[in-house]
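Let me begin by presenting the structure, written as structure tokens, before commenting on it.
The values are calculated or read from the model by the stated rules, or taken from the named source; none is laboratory data. Not measured: the values here are computed from a predicted model. Glycine also receives a Cβ, built like all others from the backbone with ideal geometry; neighbour counts cover every protein chain displayed. With ligands, DNA and RNA removed, areas are computed over all heavy atoms of the protein, side chains included. Shrake-Rupley method; radii C 1.70, N 1.55, O 1.52, S 1.80 Å.
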Amino acid sequence: MSLKIHPDAITALKDFSLPEQIGFGSTISPVMMNCEYKDGKWGELEMVPYGPITLSPTCKVLHYAQEIFEGLKAYRVMGKGPFLFRHLENCKRFNHSAARMAIPELPEEIFMEAVEAITAYSADFIPRESGSSLYIRPFIIATEENLGIKPSEKFSFMVIASPSASYFASGSLKVLIERNAARAFTGGTGTAKTGGNYAASLLTSVKAVELGYMNTLWLDGENRKYIEEMSGMNFFAVVNDVLVTPKLTDTILAGITRDSLITLAKNLNIPLKEETINIDSLIESIKIGECTEAFACGTAAIITPVELLGEEDGTTYELKYPIGPISKSLKENLLAIQEGRMEGPMGWIKTIEPATY
Ligand SMILES: Cc1ncc(COP(=O)(O)O)c(C=O)c1O
């Protein structure tokens, strides 16, 4: 594959400078990648200036939510790198989501080239402080102009990127246990990274904020008994010095951070169990002091400690540590690997050569 570069993209890069406050997800790199699917095949990948896109009001993504996305990061702490972290795993999950949403598979080389090129061309804009990064957002939307409920025959694959500070400005989370609404059901779309799953979580997130919480803990759709995950993160706890996380089912998004932490825990000799976790048993073990730590993990959040779990009626269950020793050690190890300060397992990091223009 060779990347086509629109001349205006180079002008956009030369004219761009980072604002003083970058936040998370609000400062956007001045270029984006684009590749169109029509007549049964994906076309040429092109880098164009970042900007609004034109869609027909009848295009299917606007009505039937036929779309998927990914989220990954490139790090350039203290000028080293940029380093991409396990982006082949994001490519695999992207195509897993594509299959579930009746979107044609995107060739691996297009995904990888798009992600690597936006990192290379955004290299100058990646913040250098530990915890900051370039947050990269690949996505596919259904663009066919037709109101019939059937899979689109036209799609746009795009990649945008956002120079970003840490996701959670505050250090820890107060988490609402959602006992009524559910995020995913067996046979549904829970393992796909598709917008509808997130849209369905928003009502609870409004309720959570009104009640003084910052995030939601979802339980299984069938029984509302077993912990699944948070709205954009996986969940871990430490019970009797054992790291526990819900085992993957067809309703939980298989997080790449989750998978990385499982590997790191094994390397650090931290006892680990992937198992079904009953919410009421976990609450009991928090109350009697057996569960001492809990945290959320994901690309954006890295590891963010859970300070307390709580109910809609205001009852709360506080964890012993603001950030416990196991959470802290895993976070330090993961971030050191991602930022290129420590050697990680084979193939986790790819160094990208900054582009010259
Ligand atoms: C619903 C959900 N669960 C878990 C995660 C964590 O996945 P990852 O570690 O690959 O970012 C995410 C974020 O992508 C998510 O959206």
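What to note about this one:
- Under the combined filter of DSSP loop state and at most 11 neighbouring Cβ atoms within 10 Å, the stretch 156-252 retains these GluC sites (Glu not before Pro): 222.
- When 346, 101 are compared by accessible surface with a 1.4 Å probe, the order from highest to lowest is 346, 101.
- Protection proxy ranking for 43-55, 253-265, using the average of other Cβ atoms within 10 Å per residue and placing the highest first: 253-265, 43-55.
- The mean accessible area for residues of the chain, using a 1.4 Å probe and ignoring ligands and nucleic acids, is 44 Å² per residue.
- Prolate/oblate/rounded label for the stretch 173-323 (Cα gyration tensor, a/c 1.5): oblate
- For the stretch 83-115 and the stretch 240-287, distance of Cα centres in Å: 26 Å
- Crossing angle, helix 108-122 versus the chain [Cα axis fit, 0-90 degrees, rounded to tens]: 90 degrees
- ³J(HN,Hα) computed for each position of the stretch 216-232 - Karplus, 6.51 cos²θ - 1.76 cosθ + 1.60, integer Hz, glycine/proline x: 10, 9, 8, 9, 5, x, 7, 10, 6, 10, 10, 5, 9, 6, 9, 5, x
- Entry note, the chain: the mean residue ellipticity at 222 nm calculated from DSSP H runs of n ≥ 4, each adding -39500 (n - 2.57), is -7500 deg cm²/dmol after division by the residues and rounding to the nearest 500.
- When a 1.4 Å probe is rolled over the protein heavy atoms, the share of accessible surface on the chain that falls to carbon and sulfur comes to 52 percent.
- Computed from point charges on the beta carbon alone (+1 for Lys and Arg, -1 for Asp and Glu), the dipole magnitude for the stretch 173-323 about its Cα centre is near 340 Debye.
- For the chain, the dipole from Cβ point charges (+1 on Lys and Arg, -1 on Asp and Glu) about the Cα centre works out to 240 debye, to the nearest 20.
- Taking the chain as a Gaussian network of alpha-carbon nodes connected by springs under 10 Å, the highest mean-square fluctuation of the residues 315, 186, 58 belongs to 315.
- Modelled FRET efficiency - R0 25 Å, residue 100 with residue 145, Cβ distances, 0.05 increments: 0.60
- Axis angle, to the nearest 10 degrees, between helix 87-100 and the longest C-alpha principal axis of the chain: 90 degrees.
- Between residue 259 and residue 38, the contour length at 0.36 nm per residue exceeds the Cα-Cα span by 76.1 nm.
- Checking every one of the trypsin sites (Lys or Arg not before Pro) in the stretch 123-195 against DSSP loop status and a limit of 16 other Cβ atoms within 10 Å picks out 128, 154, 179.
- Shape of the stretch 237-338 from the C-alpha gyration tensor: prolate (a/c of 1.5 or more and a/b above b/c, with a ≥ b ≥ c the square roots of its eigenvalues).
- Note that the stretch 324-329 has calculated 3J(HN,Hα) couplings of x, x, 6, 4, 5, 5 Hz, one per residue in order, obtained from phi through the Karplus relation 6.51 cos²θ - 1.76 cosθ + 1.60 (θ = phi - 60°); glycine and proline are x.
- For residue 217, the residues whose amide H sits under 5 Å from its own are 176, 177, 178, ignoring neighbours fewer than 5 places away on the same chain, with H placed 1.01 Å from N.
- The stretch 102-163: C-alpha gyration tensor shape, a/c 1.5 cut-off, then a/b vs b/c: prolate
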